[in-house]
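Report on one structure; see the data block that follows.
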Amino acid sequence: MSYPKARATAFVAVVIAMALMAVSSAQATVLCKTTSTPCAADYSKGTEIQAVLAPGSSLSTSNTANEFVNTCERSAFEGATANTGASTETVVIEVMGLIWWNCLNSPNTLIETGLLEFHHLSGTDNATVTAKGFTMTTFAGSFSCLYGFGEGTHIGTLTGGEEPILDLNAVVPKRAGSILCPNDFIWAAEYTITTPQPLYVEPS
């Protein structure tokens, strides 16, 4: 075998090995209608997801310098599952709407869709949650600023059950805008997932 051909073969072998590692390392996750392993009845691709702030709670944002940014009495989001999940993949939610209102300062507005990904926590009905995208706009007086997540940012935990709870505590960095806006804000909120119910996170 010639040297260039040997190098090409070795390169292909490395690429295949990396792909297999990526598949094998994917955390098995499905959203389930019952607390059972394996999952007896899963929520399939296209399942509608709706969530609102948990009763009696509010949404608060400060920045990493511990300076107050905003607080809102109401918030909600909706979307749908982009896949069912399996023994070799996690579950991805495409969020199509996110709103904050009854805010002390100007509300944030979602201007670009984002993704939530659920990663099953071994031995539980729960998941860690990561986010991608979610470009949001906020205001400092007459100036607007854009914020959003990068790739696979950890943002909180989903606790499965009859009334599943999504606890968020995430730093959202600024992408563009006025220097009058903070460089980041911490999105802290507790959401109740109202659709679907019940919801449990299982390995497969």
Those residues that are hydrophobic (A, V, I, L, M, F, W, C), closer than 30 Å to THR84 by Cβ and at pLDDT 90 or above, I need them from region 173-201; list them, please.
ALA189, ILE193, LEU199, VAL201
I'd like to know if region 121-132 contains one or more residues that are in contact with a Gly (Cβ under 9 Å, 6 or more places away or on another chain), buried (at least 17 other Cβ atoms within 10 Å of the Cβ), modelled with pLDDT of 85 or more and farther than 30 Å from THR35 by Cβ.
no
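Of all residues in region 62-89, which are under 19 Å from ILE165 (Cβ atoms) and polar (S, T, N, Q)? Walk me through it before giving the result.
Within region 62-89, the first condition is being under 19 Å from ILE165 (Cβ atoms), and the residues that meet it are 72-79, 81.
The answer is SER75, THR81.
Just to confirm my filter: which strands (runs of 3 or more DSSP E) fall fully inside region 70-187 and include at least 1 residues that are hydroxyl-bearing (Ser, Thr, Tyr)?
Values: elements: 91-103, 114-120, 127-140, 143-159, 165-177.
Fully inside region 70-187 and qualifying: 127-140, 143-159.
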With respect to the numbered conditions (1) under 19 Å from VAL52 (Cβ atoms); (2) hydrophobic (A, V, I, L, M, F, W, C); (3) in contact (Cβ under 8 Å) with a residue 40 or more places away in the chain, which one is the sole condition not fulfilled by LEU168?
(3)
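I'm trying to understand the selection: among the residues of region 114-132, which are among the hydrophobic types (A, V, I, L, M, F, W, C) and more than 19 Å from ALA80 (Cα to Cα)?
Matches in region 114-132: LEU121 only.
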Inspect all residues belonging to region 137-150 and state whether any of them is crowded, with 18+ Cβ neighbours inside 10 Å, touching a strand residue (DSSP E or B) at 6+ places or on another chain (Cβ under 8 Å) and within 20 Å of GLU202 (Cα to Cα).
no
I'd like to know if region 62-75 contains one or more residues that are at pLDDT 80 or above and of a type in the set (A, V, I, L, M).
yes
Name the single residue that is farthest from ALA51 (Cα to Cα) among those in region 89-130 being of a type in the set (Gly, Ala, Ser) and touching a residue at least 12 places away in the same chain (Cβ under 8 Å).
SER122
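The values are calculated or read from the model by the stated rules, or taken from the named source; none is laboratory data. As the structure is a prediction and not an experimental result, all values here were calculated from the model. Quick reminder, even Gly has a Cβ in these numbers, built from the backbone with ideal geometry, and neighbours come from all protein chains shown.
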